[in-house]
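Each remark here refers to the structure printed beneath this line.
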Amino acid sequence: MNTAPTPTPSNAAPRQRKPIEIIHAGLKKRHAAEMRFRLYGLIAISMGILFIGILFTTILGNATTAFQQTRIKLDIVVDAQMLDPDGKRDPEVLSSANYGAIVKASMNRLFPDVTSRRDQRELNELVSQGATYTLREMVMADTDLLGRTVTLWVPADDDVDMLMKGHMDRDAAEENRRLKDNQLAWLDRLEKDGRLEKHFNVDFFTNGDSREPEIAGIWGGVVGTFYTLALTLLFSFPLGVAAAVYLEEFAPHNRWTDLIEVNINNLAAVPSIVFGLLGLAVFINFFGLPRSVPLVGSLVLTLLVLPTIIIASRAALKSVPPSIREAALGVGASPLQTVTLHVLPLALPGMLTGAIIGMAHALGETAPLLMIGMVAFIVDIPKGIFDPAAVLPVQIFLWADSPERAFVEKTSAAIVVLLAFLMVMNALAVILRKRFERRW
Amino acid sequence: MNKTSFVDSSVKMAPVAGSTATVSRDKRETVGDIRVDHPRVRCNNVNVYYGDKHAIHNINLDVGNNEIIALIGPSGCGKTTFLRCLNRMNDTIKGCRVEGEILMEGQNINAREVDVVPLRARVGMVFQKPNPFPKSIFENVAFGPRIHGLAQGKADLEEIVVTSLQKAGLWTEVKDRLEEPGTGLSGGQQQRLCIARTIAVQPEVILMDEPCSALDPIATAKIEELMAELREQYSICIVTHSMQQAARVSQRTAFFHLGDLIEVGETEQIFVAPTHQLTEDYITGRFG
């Protein structure tokens, strides 16, 4: 008997609905739920895009002006009498000579009518301190300049720069602006003479930090970041991969390895400043390594990114199908051969992804570096891993903290540089990954 | 091509009516000839535990020279577990413990101090799912000889690869594309590639764990043909769920049930005139 029992009208209970009717009745609700869910997703994504858009437009909008710098054209008489009274071209004498006076003299020559000391001081405030340094470097590099007249575009003071970029209100009351009426008049004259122009700001990309915003540059931070991150990668990737391979492939599974695993996961969640304190206590106080150097910074960041790399590497190793291990072991490969020849190459792309995430994390990290003195004001470009250095995020932090108006745009520009750094790094990693990835 | 069709096996199944079983279902000791003269592998009282679970109990079995022995039985009866004892693959399973004596040429390979690397070169294994390395066909076969240092120079290695592929019956199909990925082959070709990889290190015994379960009938027929040829040089121990396959390829058959080795005998005897009631029930399809 396999005929379906059909309810006869006589004995049928109060009209039963067929399953398909019930399904149809509920269908509208189900579709509505799905539509709602999709809508939530769309809203979430649009919010994300919106915020990223706002972030990028404000940062880029603020940053663009930082790539230009107002400069003043000066005809500087390099007075040999004044700079090198003995005429011996002694570098020591040349480096400590009074270049500032020469710059001031050239400025005064442009405005012979300014005679009072107070006015002259106000006039000279228009030119940046950086002009003195530039001139000294030029003369030190080429002593033949002594006694000649050179025409230089020297950086203007940051207040002048702000005025030229429209960040200062000319019409405000005199006591409310940083440039006085007479200074504005002089600037107008300079501009009329074609001696005041905005140029591409090369200094920003080649200089180290400075208290003067007009000559402050990002290069010190870039180099410091490069050294720090390169070392961090060098320390953390091999260590992390080795730890992951050991835990995943060789270590016995017992209470101890469970404990280690739990602790690695905990370590990934430790606030980064704690790693900074650890670095201060261990690397600087105990091992006596110097402060503020990329080496110590990278050691601290290594501690910070190790858990990330270990966890990602273990996940990558776990995702290698066990059949590959069995195949290799089955023909008599030793466990090490199995890992190095088969498992590791297959897991490498995943491990690299972990390393990228870790490095990106390290790139933006400031807190642990504060603890080991990488927050210091460092003017010189670091020449090695033992030279005091700043890193980009710390540089951004320092500039954001500075009172001068001109540092606002510098901060944004530094953020742009940091983001560019991040993108270059990620692009490199993606290329590397593609090379290692086997499509079969 | 083997003319034997698939359903109609060369060995006839025992008819249900003509029961030959004389041993009751409750008897758990092995019946039949567990021993052969000059065995390649001799197992004495092999027990396997997964943690607290006693997976297989007191197995005594010989694997002879140049024979194919089929291990049959319902799922979870311990066939694969036993097979994996023979090349210590159970070592890789967490919590698995193997007790007993497994002798090869008088040496107990189950002893803790035995190095599994040379053992696995002597006892090769082909797995249920074809598992070629994600490398070229050539590299797949060359891997074993290379890690064991079997080849003197490049020419020698190439020769080993070619002969292995020839023996595995794959050479004509892949000779023009040795540099292509092994994972790009069809399922049956992949499994033969795995066999080629196994015989490239010239093992004495080949363990096959349901090698055809993922393959279509034509690929299965090819592998079976291949096994018959390989038998001339190697001993083969095959786990299979297909009784027809066991009947077609093997000389001896061992029937496992719930961790016990129930009956061992000549394949024909097992399928035509089983002694144990459980064996008869299984091969006649009453359970399993």
Give the residue, chosen from A:Leu329, A:Leu341, A:Leu352, A:Leu346, that is open to solvent by less than 40 Å² (accessible area, probe 1.4 Å) and either away from chain B (no Cβ under 14 Å) or closer than 30 Å to A:Met425 by Cα (or both).
A:Leu352
What are the pairs with Cβ atoms under 7 angstrom where one residue, in region B:34-53, is touching a residue at least 24 places away in the same chain (Cβ under 8 Å) and the other, located anywhere, is buried (at least 20 other Cβ atoms within 10 Å of the Cβ) and among the polar types (S, T, N, Q)? Sequence gap at least six, or different chains.
B:Arg40/B:Ser235; B:Val48/B:Thr81; B:Val48/B:Asn90
Out of (1) within 11 Å of chain B (Cβ to nearest Cβ); (2) part of a helix (DSSP H, G or I); (3) open to solvent by less than 10 Å² (accessible area, probe 1.4 Å), the one A:Val300 does not meet is (1)
Filter region B:163-204 down to the residues that are of a type in the set (A, V, I, L, M) and within 12 Å of chain A (Cβ to nearest Cβ) and list them by number.
B:Leu185, B:Leu193, B:Ile195, B:Ala196, B:Ile199, B:Ala200, B:Val201
Looking at B:Ala214, B:Ala168, which is the one that is surrounded by 23 or more Cβ atoms within 10 Å (Cβ to Cβ), under 22 Å from A:Leu329 (Cα atoms) and at pLDDT below 90?
B:Ala168
B:Lys129, sole failed condition from (1) away from chain A (no Cβ under 14 Å); (2) open to solvent by 60 Å² or more (accessible area, probe 1.4 Å); (3) closer than 22 Å to B:Ala219 by Cβ
(1)
Tell me, which helices (runs of 4 or more DSSP H) lie completely within region A:83-195 with 2 or more residues that are over 14 Å from A:Ile72 (Cα atoms)?
A:91-95, A:99-110, A:117-124, A:130-141, A:181-192
For region B:132-162, name all the residues that are β-branched (Val, Ile, Thr) and facing chain A (nearest Cβ under 9 Å).
B:Ile147
I'd like to check something: does region A:390-409 contain any residue that is within 14 Å of chain B (Cβ to nearest Cβ), out of contact with any helix residue (DSSP H, G or I) (no Cβ under 9 Å at 6 or more places or on another chain) and free of Cβ contacts under 8 Å to residues at least 12 places away in the same chain?
no
Take the residues in region A:194-210 that are out of contact with any helix residue (DSSP H, G or I) (no Cβ under 7 Å at 6 or more places or on another chain) and in contact (Cβ under 8 Å) with a residue 24 or more places away in the chain; name whichever of them is farthest from A:Arg71 (Cα to Cα).
A:Ser210
Given (1) free of Cβ contacts under 8 Å to residues at least 24 places away in the same chain; (2) more than 14 Å from chain B (Cβ to nearest Cβ); (3) touching a helix residue (DSSP H, G or I) at 6+ places or on another chain (Cβ under 6 Å); (4) of a type in the set (D, E, K, R), identify the lone condition not met by A:Glu261.
(3)
Please determine, by comparing only the residues of region B:93-119 that are open to solvent by less than 70 Å² (accessible area, probe 1.4 Å) and facing chain A (nearest Cβ under 10 Å), which one is farthest from B:Gly64 (Cα to Cα).
B:Gly95
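The values are calculated or read from the model by the stated rules, or taken from the named source; none is laboratory data. Bear in mind the structure is a predicted one, so any value in this text is a computation, not a measurement. Glycine also receives a Cβ, built like all others from the backbone with ideal geometry; neighbour counts cover every protein chain displayed. Accessible surface is based on the protein model in full, side chains and every heavy atom, while ligands, DNA and RNA are left aside. Shrake-Rupley method; radii C 1.70, N 1.55, O 1.52, S 1.80 Å.
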